[in-house]
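Take a look at the structure set out below.
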Amino acid sequence: MSRPFPLRSPRRSAATLGAALALAVLTAACGGTAGSTGSAVKDDTAKGGGEAAAQPKAEANDAICGQNSRPIKHDLGTTTITGKPKRVVALEFSFVDALVNAGVKPIGIADDGKPDRIIKQLRDAVGDYTSVGLRQSPNLQVIKSLKPDLILADSQRDAALYKQLQKIAPTVALGSNAADYERVMQSEVVVGEAVGECDKMTAALDKHKKAMADLKAKIPADDKRRIVFAITYDKGVSAQTQRAFAPTVLRGLGLTTVPSTKGQDATLSMTLESMVTLAPEVLFMARNTPKTLSDQWQSSQLWKQIPSVKNNKTYVVDGNVWSKGRGTLAAELIAREATEKLFPAS
Amino acid sequence: MTVNVAMGRPVRRTAVAARRPWILVGSLLALAVVCTLVSLTIGATRIPFSDVLAALSGQRTTDGAEVVLDFQLPRVLLCWVVGIGLAVSGGVMQGVVRNPLAAPDIIGVTKGAGFAGMLLVLTLPGASVALVPLAAFAGGVVGAGLVYLFAYRRGVSPVRLALVGIAVSATFEAGIRYLLVKYPLDVNASLIWLTGSLFGRSMDTVWMALPWIAVLVPAVLVMAHRLDVLGLGDDLATGLGEPVERTRRNLLLLGVALASVCVAVAGTITFVGLIAPHIARRLVGGRHVVLLSAAAMIGVLLMLLADTVGRGIAAPLEIPAGVVTAVIGGPYFLYLLVKLGK
């Protein structure tokens with residue numbers, strides 16, 4: 001305090017600053033490259049966010065099924081699994097479906113802290129499990145404490161966590177979030193291989209395909225009604241495109257869904273006007289929050305111009321089945337509900 | 001020197017702080033170390049203190065020690081890095097802008113960095129996760145650059161800088177909103193980064209940020225006396241031979257770099273950069289070398305508190321640290337506004 005301001009020449013301060021910045025850039029660059037090469041060696045495919053869905057690398061390979069040590073090719077690399085994993089952690093609901101199909105009860109599930117989000121039949125089949133937190137931020141410490149021998153992760157949502165998960169237990173990353181029906185079916189097959197229960201999985205999938213075929217048989221081929229599945233929440237309404245799960249299930253039945261999409265997007269944000277333009281003849285809506293934006297729309301005259309509203313073909317459906325489930329059971333429930341609503345007589 | 005021009009009124013200080021401010025800084029440091037050790041034991045499950053000590057001595061013998069080394073330690077170290085970075089950045093900005101409400105949020109850094117990081121995640125899905133911090137850094141520099149550019153009129157007046165900063169931040173905020181609407185399905189992942197969270201961070205992230213902080217913070221401390229000079233007002237500072245404009249620009253650049261690094265590794269954690277310097281000013285007064293050191297320690301304490309509460313209170317659910325700092329920081333911000341209004 002007693003010291004007067006030690007004023008220095010401006011040139012010297014600029015030099016100090018320049019040197020400091022240069023040093024910082026240099027050291028950070030070194031740290032950065034060291035870090036990235038380190039990760040490149042271990043897994044060259046861990047990618048963040050976006051549309052990892054566009055390049056699924058998971059491969060179904062029945063040949064490896066009987067082997068004790070099986071290299072499982074998945075979206076973020078290849079993981080070798082030995083024996084039949086019994087302590088499995090599922091970081092998405094569709095993996096719970098796949099595990100139940102394979103006759104394995106997951107010991108940990110990322111259930112967002114809400115067990116109700118797991119479709120009831122699956123929840124009953126699983127019995128007791130430990131919640132590992134939110135799907136977007138599963139609690140690594142809890143996962144570790146469960147001492148799993150296999151972790152099933154979403155190849156998109158959990159990409160940034162992949163390295164850390166791999167440290168805890170062998171991790172297989174597959175399409176679930178933002179995956180369509182076909183890709184989810186493929187994920188099921190790979191889960192069957194990962195847990196070494198290919199026969200059970202094949203049997204379950206055959207049964208599922210038959211159930212879907214039976215439903216499809218009930219549907220007249222000439223039905224061309226424009227079906228929209230939308231999720232409505234407090235701040236918006238998103239219509240699922242033909243790349244998303246529920247619409248691809250419906251299309252698999254020979255039904256027509258809109259909107260189609262130019263890009264890779266699995267959802268399309270809607271306004272009341274764009275919904276009117278889309279003109280759905282049947283509208284299925286899942287409500288994610290108690291109050292939704294679509295509630296406000298319903299008082300509008302525009303809303304009443306939507307064909308599905310005029311014809312009383314607007315239905316509220318369970319988002320846990322239609323949007324979050326994304327498994328064989330979810331597909332069957334969606335197909336059944338849609339068939340009942342579209343063809344009430346049959 | 002006891003008169004803090006930025007606050008426009010003398011700052012009350014305790015007797016110890018007036019005579020021996022470094023004792024107070026040292027106490028804060030000790031407190032931060034203790035809190036760090038406590039924080040290491042708190043998680044989804046309690047970890048015995050013996051395991052923490054084992055882990056710190058490099059043994060991976062027990063599960064608890066493994067948890068500490070793999071999950072807890074990177075987060076706690078990031079609390080230090082980000083807490084120091086944000087607090088020093090905020091302290092520098094408050095000194096330079098001579099506005100007690102200045103913070104990285106005000107001059108466009110936080111939103112700029114947040115927008116750029118999100119843009120990369122959502123539009124270039126093929127890009128490596130490691131690139132996100134670099135994009136955020138670029139965004140922070142662009143944000144601050146824009147603010148400085150628009151605010152520059154033969155020098156930058158504090159009020160003008162703050163106003164332009166709010167406008168530029170709002171523009172980036174609009175960009176973030178647009179991305180949220182455009183990519184609703186992918187938002188989950190980016191949103192948790194955006195709210196500011198230390199979830200899922202590993203030592204890689206620590207190594208990414210540490211060199212910047214280790215170099216930039218000492219650089220700021222070396223220049224701290226210039227903040228004291230600037231605090232006397234432009235006329236007096238010029239009279240004392242300080243090249244006001246250049247000094248201000250250099251210091252701002254350092255502050256921006258610090259805040260950008262923090263946003264890059266921890267997302268938009270708000271209020272730490274604003275509050276820490278204020279608390280420090282009340283404790284140790286306005287001399288910047290001491291003020292910034294104390295603020296850094298308070299920043300660490302705030303981050304540790306936010307992250308520990310976030311992961312401990314509703315386990316296994318994770319509450320982002322940014323949400324906790326906002327809950328603590330919001331009321332304090334209001335208190336500041338009320339006090340300033342009097």
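Shown in residue order for the range B:304-315 are the 3J(HN,Hα) couplings computed by the Karplus curve 6.51 cos²θ - 1.76 cosθ + 1.60 at θ = phi - 60°: 4, 4, 5, 6, 5, 4, x, 8, x, 6, 10, 3 Hz (x for Gly and Pro). Taking the three principal axes of the alpha carbon atoms in the range A:52-215, the coordinate ranges are 42, 34, 31 Å, sorted in descending order.
In terms of distances greater than 32 angstrom between alpha carbons, the cross-link table entries A:K86/A:K163; A:K120/A:K216; A:K73/A:K235; A:K114/A:K163; A:K235/A:K310; A:K209/B:K182 yield A:K73/A:K235; A:K209/B:K182. Summary value for chain B: 30 percent relative contact order, contacts being C-alpha pairs under 8 angstrom separated by 6+ residues.
Legend: ranking of residues B:H288, B:H278 from fewest to most surrounding C-beta atoms inside 10 Å; resulting order B:H278, B:H288. FRET efficiency for the pair A:K105 and A:K147, taken as 1/(1 + (r/R0)^6) with r the Cβ-Cβ distance and R0 = 22 Å, rounds to 0.90.
As a rough footprinting exposure proxy, the listed residues B:T45, A:T292, A:T78, A:T257 were ranked by other beta carbons within 10 Å of their own, and the order from fewest upward is A:T78, B:T45, A:T292, A:T257. The calculated P(r) of the protein assembly as shown, using every Cα pair and 20 Å bins from 0, goes 17, 45, 29, 9, 0 in percent.
Here the scattering of the range A:218-342 is modelled by Debye summation over its C-alpha atoms, one equal scatterer each and no solvent; at q = 0.09, 0.19 Å⁻¹ the log10 of I(q)/I(0) is -0.22, -1.05. The charge dipole of the protein assembly as shown, taken about its Cα centre with unit charges on the Cβ of Lys, Arg, Asp and Glu (plus for the first two, minus for the last two), comes to roughly 2220 debye. Farthest toward the positive end of the dipole of the protein assembly as shown, out of B:A219, A:P115, A:T292, is the Cα of B:A219, where the dipole comes from beta carbon charges about the Cα centre. Counting Cβ atoms of other protein chains within 10 Å of each Cβ in B:199-209 and taking the mean gives 5.
Summing charges over all other residues whose Cβ lies under 13 Å from the Cβ of A:A204, with Lys and Arg as +1 and Asp and Glu as -1, gives -2.
Sorting B:W80, B:W207 from the fewest to the most surrounding beta carbons within 10 angstrom yields B:W207, B:W80. Based on the alpha-carbon gyration tensor of chain B and its eigenvalue square roots a ≥ b ≥ c, which shape applies: rounded if a/c is under 1.5, prolate if not and a/b is larger than b/c, or oblate? Oblate shape, in that a/c is at least 1.5 and b/c is the bigger or equal ratio. At R0 = 60 Å, how high is the FRET efficiency between A:D116 and B:V222 if r is their beta carbon distance? Nearest 0.05 is fine. Efficiency, from the Cβ-Cβ distance: 0.55.
The fraction of all Cα pairs in the range B:24-105 landing in successive 10 Å bins from 0 to the largest distance is 17, 36, 25, 15, 7, 0, given as whole percents.
Bear in mind these aren't lab numbers, they're just calculated from the coordinates by the rules spelled out. The shown structure was predicted, so the numbers you read here are calculated from the model rather than taken from an experiment. Heads up, the Cβs are rebuilt from the backbone with ideal geometry, glycines too, and the neighbour counts pull from every protein chain shown.
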